[in-house]
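This report concerns only the one structure given below.
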Amino acid sequence: MKRILLLAACAVALSACQEGVNQQQSAALTQKIDSLTKVNVQKDNEINDMLSTLNDIEEGFREISEAEGRVTVARRGEGANSTARIRENIQFIQNTMAQNRELINKLRQQVRQGSITGEQLKRTIENLTTQLEAKENELQALRAELEAKDIHIAELDEQVAQLGEDVAQLQDDNQQQQETISTQDKQLNTAWFVFGTKSELKEQNILKSGEVLQDNFNKDYFTKIDIRVDKEIKLYSRDAKLLTNHPAGTYTLERDANKQYVLRITDPQRFWSTSKYLVIQVK
């Protein structure tokens, strides 16, 4: 009888323990789902903001083209009314181009600060900048034609000159941004490795009291690599051990024809996610 009661008590305790585990797993899953939902909502908002900005820019270019058409029609007429319409539409073109320039800068800022990136977005911004430059050239040509017909729009001289300077500045900013992105991309994909005997690593303070990469280790002793390109490191030794931590399953240690080890990195992004420094002890 006592044995039966004992077994029953164990069964109840086991059931309660299992229920507690299930509740913990359920809570963890709910938290993960909430986190993913927030990320998706954020990305949707960023995409909607970018699409709204793109639509505004496209609408601006459409209105500029329409105003250019009205100028063409007005140029066929004569008199004060025709000149007034030309001035009015060129002023409109000028203002709309300035607005589009601001919107392109806004779009560039959205890409820079947001989590939505990609080559297509970069090309879109470059194309919009090129389109704005083309419109500036068209406006300059139109002004030259009007001046040839003594339709001189003096009040716009300063604004058009400023527009030319702003477009040039926009091109410089775009180039600087591309250079910055290139530099950051290179830095993100740069790593350093070193292999040596225990005594060699100690001499360079890389290995100290059984710990690696403590204070004042010699960084110049490391070799710099591009993790996108350099995925194989020959160790020239029949005995090798990684001293830095890198995720299992992201690399292999294999012997070559001379029975010497070669480190092959099979998943570079995960391998280097824990540390951009790799230390290998050989004999």
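Each value in this text was obtained by applying a stated rule to the coordinates, not by laboratory testing. Keep in mind the model is a prediction, meaning the values are calculated, not measured. Cβ atoms come from the backbone with ideal geometry, glycine included; neighbour counts cover every protein chain shown.
At a glance:
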item: Full-stretch length increase - Asp56, Glu200 - with 0.36 nm per residue and alpha-carbon distance subtracted; result: 45.6 nm
item: Spin-label pair Ala248/Asp215, simplified geometry with 7 Å Cα→Cβ offset, distance in nm; result: 3.5
item: Protection proxy ranking, peptides 99-110, 219-230, average beta carbon neighbours within 10 Å, highest first; result: 99-110, 219-230
item: Calculated FRET value between Lys106 and Glu66, using beta carbons and R₀ = 30 Å, to 0.05; result: 0.85
item: Radius 12 Å from Cβ of Leu103, net charge of other residues (Lys, Arg +1; Asp, Glu -1); result: -2
item: Exceeding the 21 Å Cα-Cα cut-off - candidates Lys186/Lys231; Lys186/Lys234; Lys208/Lys276; Lys224/Lys259; result: Lys186/Lys234; Lys224/Lys259
item: Calculated FRET value between Gln140 and Gln120, using beta carbons and R₀ = 22 Å, to 0.05; result: 0.10
item: Mean Cβ count within 10 Å, highest first, over the residues of peptides 83-95, 53-65; result: 83-95, 53-65
item: Inter-label distance, nm, simple model (7 Å from Cα along the C-beta direction), Asp239/Ile47; result: 5.6
